[in-house]
Ligand SMILES: [Fe+2]
Ligand SMILES: [Fe+2]
C-alpha cells in the first residue's frame, strides 16, 4: 500500500472513529469500537483493553461499614469496643487501599483464534507488560517480545500463548490517560500483520506475516487512546449518575414500603408486570400494538414511573392508608369502654331501684349491640339486616345521671354507615389524592430529557379509558400507553396481593376475569389485557430485581 493511500486510510478511519465514539454512551460498546478501530488502523491480529478498577476502595470500605453496623449486640460496652475495633480496622484498610490499584482485563479480540473470555485483574506495577504501562504511564513498542527485558525489565511470559495455541510476536501497549493525565486504562495491540486478512495459526512464518509497528501508527493510536479515555470516563460518569438515580429511587421505594407495610412490595411487583407488558407490546406482531415499540429509554422511563407510581401516598394520612375496617382500632376500643361504663351505670340505677323499663332493656341489649357493631365494622358490605341493626343502635339514647348520651356518636355512625368497603367518601378522596401527589412530587424533580414523562405516566395510573378514573378523568388516547400499562399492572396486583390482612388475595384465574370485566366496563385497554393473559405476563419472580 502506498504511503499516500495509507495516510488517506488512516485519516478516514480517524474521522469515522471520532464520529462513532463521540456519540456512544455505552461503556462496553465504546470498548468494542475503540479496540476494533485500533486493530484496523494498525493491522493488528489481536488486542485487549485493561481498565483501572474503580470499585476496589469502595467495596472494601463498605465491608468495614457493614461489619460496623452488624456489631450491635445490645451490650453497650461490648458494642463500643467492637465499633472502636472496626474503626481501627477501617483506618488500617483505608491505608492499605491507597497502595492497591488493579487493572481489569476488560475486553479482548483475536482475529485468528477464538479464546474463551474470562475477566481477571492484575496489579499496577512493573511485573507485567500492561501493569508496567499503567504504572509508568508510558507507551511500549515491543517489536519482538525479547524487548520486554530491555524496556520493562521482565521476561515475556509465553505460558498463556502455549496454552491457547497462539504466538505473540510483537506488541504495542499504550496507556489511556484522562484529562488530568491519570492513567485509567491500557490498550494493548498484538501482532501487527503485513496483510490484514492473514490468519495467524502457529507455526507460521514470522518474517512472512508479521510487520513492525510504525511511528505514525503509534502516534495515531496514542491520540485515539487519549480521546477514548476521556469518552470512557464520561460514559462511566453517565453510568454512575444512572446508578445513583436508580439506587436512590429503590431506596425511596423501600422507605415507602416500610411506612405502608400492608402494600409493601406492591410498587416493585407492579413495575415487573408493567415491564413484562411493555416488552410484550414490543414483540407484538399483530393487533393494535404491532407497530408500537418502546425504545430502551422509554422502557427506563416506564421502570421509574412504575417504581414511583404510588410515591404520592407520602401525602396521605397514615390512618386512612392503613385502615382495615370501617372504624379504627382506637375508635372501636373507645366504644367498648363506653359500653362497659354505660352498663355499670345502668346496673347502679337498677340496684338503686330507679331504672325504667327502657333502662332494663338497654342494659340487656348493649352486649348484643356491641356484637352488631363489631360485625358491621368488619363487614365488606352493609346488608339490609345490618342496616336495620345499625339504625336500632343509632336510635338508642342512654340516660345516666340526668344526661342523655347516644349509644354511638354521629361520627361513628358516619363511618359504620359505609355501604361497601371501609372508606367514607372523604377518606376515599384522601386516598385518591395520592395520584395527584405522585404527579406533583415527581414533577418537582429535574428529570433528564429522556425521563421527562415519568410524572405524567405515574400520575395517570388510576385513569380509565372511559374517563371515569382519577385524578384528571382523562380518557382514551389522552392517556399515555405507558399509563394504561401501569393501570393493568396496578389493578392485577391489588387483586392478587397476599399481604393485605383485611382482604384475602383473589385467586389468579378470578383476577384475570376481573381484568376482562374491567375491559368490558371500558376501564382497561383490551389489547393490553389480552397480552397480559395470553402471554402469561402475570408470572413474575418476586425475589428477582426488577429489570430496566
Ligand atoms: Fe395508586
Ligand atoms: Fe399502586
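Please treat every number below as a calculation from the coordinates, not as lab data. Since we're looking at a predicted model, the values are computed, not measured. Reconstructed Cβ throughout: ideal geometry from the backbone, glycine too, with neighbour counts over all protein chains shown.
The table that follows gives values for the structure above.
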{"item": "Surface/4 of the Cα convex hull for the chain, nm²", "result": "38.9 nm²"}
{"item": "Label-to-label distance, nm, for residues given as residue 337 and residue 144 (7 Å Cα→Cβ offset)", "result": "9.8 nm"}
{"item": "For 184, 441, 457, order by how many other beta-carbon atoms lie within 10 Å, fewest first", "result": "441, 184, 457"}
{"item": "Extension gain (nm, one decimal) between residue 151 and residue 330, 0.36 nm per residue minus Cα-Cα", "result": "56.2 nm"}
{"item": "Nearest-0.05 FRET efficiency for residue 15 and residue 514, computed from C-beta distance (R0 45 Å)", "result": "0.15"}
{"item": "Taking 266, 155 and counting other C-beta atoms within 10 Å, the order from fewest to most", "result": "155, 266"}
{"item": "Simple spin-label estimate for residue 426 and residue 448 in nanometres, 7 Å along Cα-Cβ", "result": "4.6 nm"}
{"item": "Amide N proximity, region 237-281 versus residue 494 label position 7 Å along Cα-to-Cβ, cut-off under 15 Å", "result": "263-264, 266-267, 270-271"}
{"item": "The chain - mean residue ellipticity at 222 nm from DSSP helices (-39,500 (n - 2.57) per run, n ≥ 4, rounded to 500)", "result": "-18000 deg cm²/dmol"}
{"item": "Sequence of 369, 447 once ranked by neighbouring C-beta atoms within 10 Å, starting from the fewest", "result": "447, 369"}
{"item": "D_trans [Stokes-Einstein, Kirkwood Rh over alpha-carbon pairs] for region 200-258, 4 °C, 1.567 mPa s, µm² s⁻¹", "result": "81 µm²/s"}
{"item": "Region 329-422: radius of gyration over Cα atoms, expressed as a fraction of 2.2 N^0.38 Å", "result": "1.11"}
{"item": "Fully extended contour minus Cα-Cα distance, from residue 194 to residue 26, at 0.36 nm per residue", "result": "57.2 nm"}
{"item": "Using a Förster distance of 51 Å, the FRET efficiency for residue 264-residue 205 (Cβ separation, nearest 0.05)", "result": "0.15"}
{"item": "Net length gained if the chain between residue 354 and residue 290 were fully extended (0.36 nm per residue, minus Cα distance)", "result": "14.8 nm"}
{"item": "Most to least packed among 316-324, 241-249 [average Cβ atoms within 10 Å]", "result": "316-324, 241-249"}
{"item": "Relative contact order of region 394-469, defined on C-alpha pairs under 8 angstrom at six or more residues apart (%)", "result": "18 percent"}
{"item": "Cα centroid of region 182-213 to Cα centroid of region 300-317, whole Å", "result": "54 Å"}
{"item": "Paired Rg and Dmax values of region 281-357, which use every Cα atom, in angstrom", "result": "29.2, 86"}
{"item": "Principal-axis tilt of helix 384-395 within the chain, Cα atoms, nearest 10 degrees", "result": "60 degrees"}
